[in-house]
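Working notes, beginning with the structure itself.
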Amino acid sequence: MAQTRIAVIGGSGIYDIDGLEGAQWVSVDTPWGDPSDQILTGTLDGVPMAFLPRHGRGHVHAPSDVPYRANIDALKRLGVTDVISVSACGSFREAMAPGDFVIVDQFIDRTFARPKSFFGTGCVAHVSVAHPTCPRLSDACETAGRAAGITVHRGGTYLAMEGPQFSTLAESRMYRDHWGADVIGMTNMPEAKLAREAELCYASVAMVTDYDSWHPHHGEVDVSQIIAILMGNADKGRALVARLPALLGADRAPCPHGCDRALDNAILTAPEKRDPAVLARLDAVAGRVLG
């Protein structure tokens, strides 16, 4: 049986976890460049943990510039098995109010300026992202959130926009009324797709900060208001994360939903046609199937 190793990708307020033993910042080299920052590692309740600031400490990376491939590769190299994305979002639903958390289970990817795959010419692969989040890991996040007293909504579609600007009113209304999106953010894609390619279980905890621009009584998005909500959400996020090791346990069985076997039958390039340089870059994320 494998050992559970949990990674949290989130903002600066989420990696400050009380009780993290042996905490240290480590640098991880990847063939995809540098991750967003060093990674904080340690142990919580007997379970190894890793915390990666998505935008870097001090928020130095814009959403389009986050090195998503390097981040996921680095976590894989550290032996991570389960990734929890914690991110701010806007809400398209009255019931999903600022301060609430949404356990996302679907995405609409509207990003266009970011590399979205580890694979390509020299080694082509196609993985399914029909169900892009892991139900087992999402269950744990829901249970942890409710135990922490957070208002949690289980299930929701996350519209991933390119940014860095917020939506126009017309876009906000379209995403809400015609596309059926529930929340909107700028960072979960291609993160979720890359996690699937790396055979990592992935769950998305979207922390609502605002109602985007569709709401007739709230007006356009105001950054100062978002920051105020973010501060409270960070406290809630830490409370949720702190409960995950006890829920997931130190020993990890194979994922019942197959997240850790996502590359089975996914690579189409014939072995004799695979580019050795490309295979070298894939040693961490696809080493299980490439040998």
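So is Ala284 surrounded by 15 or more Cβ atoms within 10 Å (Cβ to Cβ), at pLDDT 95 or above, closer than 21 Å to Pro48 by Cβ and of a type in the set (A, V, I, L, M) or not? When the stated conditions are applied, Ala284 passes them. One residue alone among Gly122, Gly155, Gly145, Gly99 is on the phi > 0 side of the Ramachandran plot, touching a helix residue (DSSP H, G or I) at 6+ places or on another chain (Cβ under 7 Å) and at pLDDT 95 or above, and that residue is Gly122.
Taking the criterion of being of a type in the set (Val, Ile, Thr), touching a strand residue (DSSP E or B) at 6+ places or on another chain (Cβ under 6 Å) and closer than 19 Å to His59 by Cβ, would at least one residue in the range 220-228 satisfy it? Within the range 220-228, one or more residues are of a type in the set (Val, Ile, Thr), touching a strand residue (DSSP E or B) at 6+ places or on another chain (Cβ under 6 Å) and closer than 19 Å to His59 by Cβ. Going through (1) under 20 Å from Asp82 (Cβ atoms); (2) within 19 Å of the chain's Cα centre (by Cα) one by one, His55 falls short only on (1).
Quick check, is Val241 of a type outside the set (Gly, Ala, Ser), in contact with a strand residue (DSSP E or B) (Cβ under 6 Å, 6 or more places away or on another chain) and assigned to a helix (DSSP H, G or I)? Considered against the rule, which asks whether it is of a type outside the set (Gly, Ala, Ser), in contact with a strand residue (DSSP E or B) (Cβ under 6 Å, 6 or more places away or on another chain) and assigned to a helix (DSSP H, G or I), Val241 comes out as yes. Of the residues that sit in the range 140-197 and are of a type in the set (Phe, Trp, Tyr) and under 26 Å from His59 (Cα atoms), which one is nearest to the chain's Cα centre (by Cα)? Filtering the range 140-197 for residues that are of a type in the set (Phe, Trp, Tyr) and under 26 Å from His59 (Cα atoms), the one nearest to the chain's Cα centre (by Cα) comes out as Tyr158.
Mind checking which residues of the range 130-155 are assigned to a strand (DSSP E or B) and either in contact with a Pro (Cβ under 7 Å, 6 or more places away or on another chain) or not β-branched (Val, Ile, Thr) (or both)? Of everything in the range 130-155, those that are assigned to a strand (DSSP E or B) and either in contact with a Pro (Cβ under 7 Å, 6 or more places away or on another chain) or not β-branched (Val, Ile, Thr) (or both) turn out to be His153, Arg154.
The set of residues in the range 163-197 being touching a helix residue (DSSP H, G or I) at 6+ places or on another chain (Cβ under 6 Å) and either of a type in the set (Asp, Glu) or closer than 28 Å to Thr81 by Cβ (or both) consists of Met186, Thr187, Pro190, Glu191, Leu194, Ala195. Applying the set (1) surrounded by fewer than 18 Cβ atoms within 10 Å (Cβ to Cβ); (2) within 22 Å of Ile103 (Cβ to Cβ) to Thr269 leaves exactly one unmet item: (2). Scanning the range 14-42 for residues that are of a type outside the set (D, E, K, R), part of a loop (DSSP other than H, G, I, E, B) and buried (at least 16 other Cβ atoms within 10 Å of the Cβ) yields Ile14, Tyr15, Ile17, Leu20, Val28, Thr30, Pro31, Trp32, Pro35, Ser36, Gln38.
Selection within the range 157-193: residues that are farther than 13 Å from Phe92 by Cβ and charged (D, E, K, R). The member of this set that is surrounded by the most Cβ atoms within 10 Å (Cβ to Cβ) is Glu191. In the range 146-156, the qualifying residues are those that are farther than 19 Å from Gln106 by Cα and not basic (Lys, Arg), and the one that is surrounded by the fewest Cβ atoms within 10 Å (Cβ to Cβ) is Gly149.
Conditions tested, residue by residue: (1) out of contact with any Lys or Arg (no Cβ under 6 Å at 6 or more places or on another chain); (2) modelled with pLDDT of 95 or more; (3) acidic (Asp, Glu); (4) farther than 20 Å from Pro132 by Cβ.
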position: Asp16; (1), (2), (3), (4): yes, no, yes, yes
position: Glu21; (1), (2), (3), (4): yes, yes, yes, yes
position: Trp32; (1), (2), (3), (4): no, yes, no, yes
position: Pro35; (1), (2), (3), (4): yes, yes, no, yes
position: Gly42; (1), (2), (3), (4): yes, yes, no, yes
position: Gly46; (1), (2), (3), (4): yes, yes, no, yes
position: Phe51; (1), (2), (3), (4): yes, yes, no, yes
position: His61; (1), (2), (3), (4): yes, yes, no, yes
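In summary, Met207 fulfils each of the numbered conditions (1) touching a Ser or Thr at 6+ places or on another chain (Cβ under 8 Å); (2) surrounded by fewer than 22 Cβ atoms within 10 Å (Cβ to Cβ); (3) of a type outside the set (Val, Ile, Thr) with the single exception of condition (2). Identify all residues within the range 158-211 that are outside any helix (DSSP H, G or I) and free of Cβ contacts under 8 Å to residues at least 40 places away in the same chain; write none if there are none. Matches in the range 158-211: Gln165, His178, Gly180.
In the range 243-258, the residues that are buried (at least 18 other Cβ atoms within 10 Å of the Cβ) form Cβ pairs under 7 Å with partners that are among the basic types (Lys, Arg) and not in a loop (DSSP other than H, G, I, E, B), at six or more places apart or across chains, as follows: Cys255/Arg136.
The values are calculated or read from the model by the stated rules, or taken from the named source; none is laboratory data. No experiment lies behind these values; they were computed from the predicted model shown. Ideal geometry is used to build each Cβ from the backbone, glycine not excepted, and the neighbour counts take in all protein chains shown.
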